[in-house]
Amino acid sequence: MANATATMTMDKGLDHTIIGESTKSFIDGVKGVLEYVGIDIDILARNSTFEETTFLLWNDRLPNADELAALQREFARTMTCLMACGMPFVDFPTMLHRCTCCNPWWR
């Protein structure tokens, strides 16, 4: 912290608080707009699968059919490995390529 004597304040509803700059998301609280990579979050939540949203978060775009199918296969393979290895689901994002029962490199 640059200024050790600085105090933290919050205004009602965080109307005038900047949390951070982002090139991925857009928020306009007055107009009720919340977008991720140009996609309205309500539309994304109602119409996208877990895999599509994950791909979007990782790649800043939605997947095409082949990319989605490949990601779904990778998720299924990894989940099988995680369950076989007894790893908790919370490790899923970091274990996509490190599951010891399927990848001898990590043994």
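Listing S48, S25 from the residue with the fewest other Cβ atoms within 10 Å to the one with the most, what is the order? Intermediate values should be presented prior to the final figure.
Numbers: S48 15, S25 12.
Ascending number of Cβ neighbours within 10 Å: S25, S48.
Place a +1 charge on the Cβ of each Lys and Arg in the range 23-68 and a -1 charge on the Cβ of each Asp and Glu, then give the dipole magnitude about the Cα centre in debye, rounded to the nearest 20.
Working: 4 positive and 9 negative charges, 36 e Å.
Result for the range 23-68 is approximately 180 debye, rounded to the nearest 20.
FYI, it's all coordinate maths here, none of it is from the lab. Just so it is clear, the model here is predicted, and its values are computed rather than measured. Neighbour counts are summed over all protein chains in view; Cβ atoms, including those assigned to glycine, are modelled from backbone coordinates with ideal geometry.
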